[in-house]
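To keep things clear, I will list the structure first and then write my remarks on it.
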Amino acid sequence: MKIALAQLNYHIANFEGNANKMIDAIRKAEQQQADLVVFSELAVTGYYPHDLLERKEFIEKAEQTVLKIAKECTQVAALVGAPSINQSPRGKKLFNSAYLLKDGQVETVRHKSLLPTYDIFDEYRHFEPNRQFDIVHFNGKKLAITICEDLWDEQPTQNEFGKDKLYTRSPLEELSKLKPDLVINLSASPFSYNQENWRKDILVKKAIKYQLPIVYVNQVGAQTEIVFDGGSFFLKADGSIPVELAYFEEDFQVVDTENPQPKHQNHPDYIAKIHQALILGIRDYFQKMGFTDAILGLSGGIDSALVCALAVEALGKDHVRGILMPSKYSSGHSVDDAVKLAEKLGIRHDTIAIQSMVDDFETQLAPLFNKLPPGVAEENIQARTRGILVMALSNKFGNILLNTTNKSECAVGYGTLYGDMNGGLSVLGDVYKTDVYKLSHYINRNEEIIPHNSIVKPPSAELRPDQKDTDSLPDYDVLDTILFNYIELNMSPEEIIKQGFDSETVLKVTQMVNQNEYKRFQSPPILRVSSKAFGFGRKMPLVARYH
């Protein structure tokens, strides 16, 4: 059988745009004489539509779009992901479904069984799980239709409470009893650099265990925070992968399941993949929101330099504007580094000296500060002055402010609300500082774009004389390891200390993480590149007394 894998970039609630993409792929599949074209999970609506699924008109539009696509399926059939209505008087009102479209109409519908409700996923909020397992007869073959998580029933619970599997039932185990010839999986599996091989390993084990070939079609593109990396593939029953589609871009391939023509992809290291994910995340956020131009503050430091370089790569140099806002504590080399970066990238850059404004604020506040010694409040006036200026320019010219805070700073609250934490999108909020350095070297792999001095100088907020990040924080190598263990691995402070870390340092860091949840709650959306990003994927109470 010839099956077309259609790996596309969808736009949530853009029914016409999504349908047109799928119809174009159906016509391409016809031209290449495919029998079936497979799209990804919730392709009609885009993944994930959240509480739009509670709106009647949204579901009606989704149903109309499925029928519109079905009319195009006269020469080739299609498997399309979309919500469907649960006709039972009990349970949630919707299923997460795969529609088989054939001969101009809906031939049959299959529903998702395993509904993830962890990390960024909240599908059980809207969908009823499938409990009836049937194969689909198509062109003389028996197909086991599954949707994303349905093949991931063996994933661990990641807890210490005696259970080692999250799900109690295996959809493929049930379907295998019906002797299918082929498994097809419609997926919306997001990118995560520290779990990038996990999903492929799971599917390989499934193919070998059940001796079944698997067609896996993943979504590509970014939906605000979540980045889908594609990488769809055809997996033979022996666990080999003869056909693999591109990563971080749309792709299309017709596969002869009996005699697949090899198509392989290069697999760069995780830093290169994070780079691709961030570029895609920025580009899709702007395009799907209808924005064109970005603005950001340039301090001469490594974080703003990296974000600026990524933005230029994603949007083009004519669509990025940098603002230098030196105070009396800004070093001359920082200003020089910022100018050097802007000139190298060819972007517009302007300088606004902020010291007179800061002085005015301090003068007006002096009677109320009651001669208390200067401290963090005065430092934050500088950050908030800068925040006011870049937001004013953002409002005036319709530019979207890019936030430059990295994950290490975000984790411990090393940032100023309504100052350097401003922004429409956080580019580095899921990238630890140690990986910021690696990404900067990657940007400079062919030539120096980010100034060498921005990379090698000790990081500093430059809000007081001779300030260094290490005045308040451990070295980033130590800090990031503690943070990764605490946030991604859910290790307790005691477990981290047993790994050889200084107990005082560990307790200080974990307490800072817990105490600054209120700041993260007010942060802009963060591009997710790890398995545990702040935001949707890590829901913590603000007022908990937990240390």
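Would you confirm whether any residue within the range 415-434 is among the acidic types (Asp, Glu) and in contact with a strand residue (DSSP E or B) (Cβ under 6 Å, 6 or more places away or on another chain)? Yes, some residue in the range 415-434 is among the acidic types (Asp, Glu) and in contact with a strand residue (DSSP E or B) (Cβ under 6 Å, 6 or more places away or on another chain).
If you go through the range 351-364 and keep only what is out of contact with any Lys or Arg (no Cβ under 7 Å at 6 or more places or on another chain) and surrounded by 13 or more Cβ atoms within 10 Å (Cβ to Cβ), you end up with Thr351, Ile352, Ala353, Met357, Val358, Asp359, Phe361, Glu362. Name every residue in the range 196-211 that is of a type in the set (Asp, Glu) and exposed (fewer than 14 other Cβ atoms within 10 Å of the Cβ), in order of residue number. Scanning the range 196-211 gives a single hit, Asp201. Selection of the range 132-156 for residues being of a type in the set (D, E, K, R) and either modelled with pLDDT under 95 or surrounded by 15 or more Cβ atoms within 10 Å (Cβ to Cβ) (or both) yields Lys141, Glu149, Asp150, Asp153, Glu154. For the range 442-480, residues that are part of a helix (DSSP H, G or I) and within 19 Å of Ala338 (Cβ to Cβ) total 7.
Report yes if Ala544 is over 27 Å from the mean Cα position of the chain (by Cα), over 25 Å from Arg283 (Cβ atoms), not in a helix (DSSP H, G or I) and not assigned by TED's automatic domain parsing to the domain that holds Val339, otherwise no. Criteria met by Ala544. Here is the figure for the range 326-361: residues that are among the small types (Gly, Ala, Ser) and free of Cβ contacts under 8 Å to residues at least 40 places away in the same chain total 4. Of the residues in the range 240-251, not one is touching a helix residue (DSSP H, G or I) at 6+ places or on another chain (Cβ under 7 Å) and of a type in the set (D, E, K, R). Residues in the range 325-381 that are aliphatic (A, V, I, L, M) and in contact with a Gly (Cβ under 7 Å, 6 or more places away or on another chain): Met325, Val335, Ala338, Ala342, Ile347.
The residue that is farthest from the chain's Cα centre (by Cα), among those in the range 471-486 that are among the aliphatic types (A, V, I, L, M) and modelled with pLDDT of 95 or more, is Val478. Here the range 172-195 is the region considered, the condition is being at pLDDT below 95 and of a type outside the set (Ser, Thr, Tyr), and the residue that is nearest to His275 (Cα to Cα) is Asn194. Per the conditions (1) within 16 Å of Phe521 (Cβ to Cβ); (2) out of contact with any Gly (no Cβ under 9 Å at 6 or more places or on another chain), the sole criterion not satisfied by Lys407 is (2). Candidates are the residues of the range 225-246 that are of a type outside the set (A, V, I, L, M, F, W, C), over 13 Å from Gln7 (Cα atoms) and touching a strand residue (DSSP E or B) at 6+ places or on another chain (Cβ under 8 Å); the one that is surrounded by the most Cβ atoms within 10 Å (Cβ to Cβ) is Glu225. Scanning the range 507-528 for residues that are touching a residue at least 60 places away in the same chain (Cβ under 8 Å), surrounded by 18 or more Cβ atoms within 10 Å (Cβ to Cβ), in contact with a helix residue (DSSP H, G or I) (Cβ under 7 Å, 6 or more places away or on another chain) and assigned to a helix (DSSP H, G or I) yields Val509, Val513, Arg520.
I need a count of the residues in the range 329-343 that are part of a helix (DSSP H, G or I) and either within 29 Å of the chain's Cα centre (by Cα) or surrounded by fewer than 16 Cβ atoms within 10 Å (Cβ to Cβ) (or both).
So the first thing to find is which residues in the range 329-343 are part of a helix (DSSP H, G or I), and the list is 332-343.
Remaining after also requiring either within 29 Å of the chain's Cα centre (by Cα) or surrounded by fewer than 16 Cβ atoms within 10 Å (Cβ to Cβ) (or both): 332-333, 336, 338, 341-343.
So the count comes out to 7.
Checked across the range 313-323, the condition of being touching a Gly at 6+ places or on another chain (Cβ under 8 Å), surrounded by fewer than 18 Cβ atoms within 10 Å (Cβ to Cβ) and assigned to a helix (DSSP H, G or I) holds for at least one residue. Any residue that is under 28 Å from the mean Cα position of the chain (by Cα), farther than 27 Å from Lys532 by Cβ, assigned by TED's automatic domain parsing to the domain that holds Gln287 and not in a loop (DSSP other than H, G, I, E, B) - is there at least one of those in the range 395-412? Within the range 395-412 (the criterion being under 28 Å from the mean Cα position of the chain (by Cα), farther than 27 Å from Lys532 by Cβ, assigned by TED's automatic domain parsing to the domain that holds Gln287 and not in a loop (DSSP other than H, G, I, E, B)), the answer is yes, since at least one residue qualifies. If only residues of the range 71-93 that are modelled with pLDDT under 95 and of a type outside the set (Lys, Arg) are counted, the one that is surrounded by the most Cβ atoms within 10 Å (Cβ to Cβ) is Gly91.
Filtered by the rule that a residue be of a type in the set (A, V, I, L, M, F, W, C), free of Cβ contacts under 8 Å to residues at least 24 places away in the same chain and in contact with a helix residue (DSSP H, G or I) (Cβ under 9 Å, 6 or more places away or on another chain), the range 362-418 gives Leu365, Phe369, Ala377, Ile381, Ile388.
Filter the range 93-149 down to residues that are basic (Lys, Arg) and in contact with a helix residue (DSSP H, G or I) (Cβ under 9 Å, 6 or more places away or on another chain), then give me how many there are. So the answer is 4.
Which one of these is β-branched (Val, Ile, Thr) and within 30 Å of Asp293 (Cα to Cα): Ile482, Ile497, Ile455?
Step by step, each of Ile482, Ile497, Ile455 is checked, and only Ile455 is β-branched (Val, Ile, Thr) and within 30 Å of Asp293 (Cα to Cα).
Among the residues of the range 94-106, are any of a type outside the set (Ser, Thr, Tyr), closer than 15 Å to Arg131 by Cβ and modelled with pLDDT under 95? Looking through the range 94-106, none of the residues is of a type outside the set (Ser, Thr, Tyr), closer than 15 Å to Arg131 by Cβ and modelled with pLDDT under 95.
The values are calculated or read from the model by the stated rules, or taken from the named source; none is laboratory data. From a predicted model like this one, the values you see are computed outputs, not experimental measurements. So basically every Cβ, Gly included, is an ideal-geometry build from the backbone, and we count neighbours across all protein chains shown.
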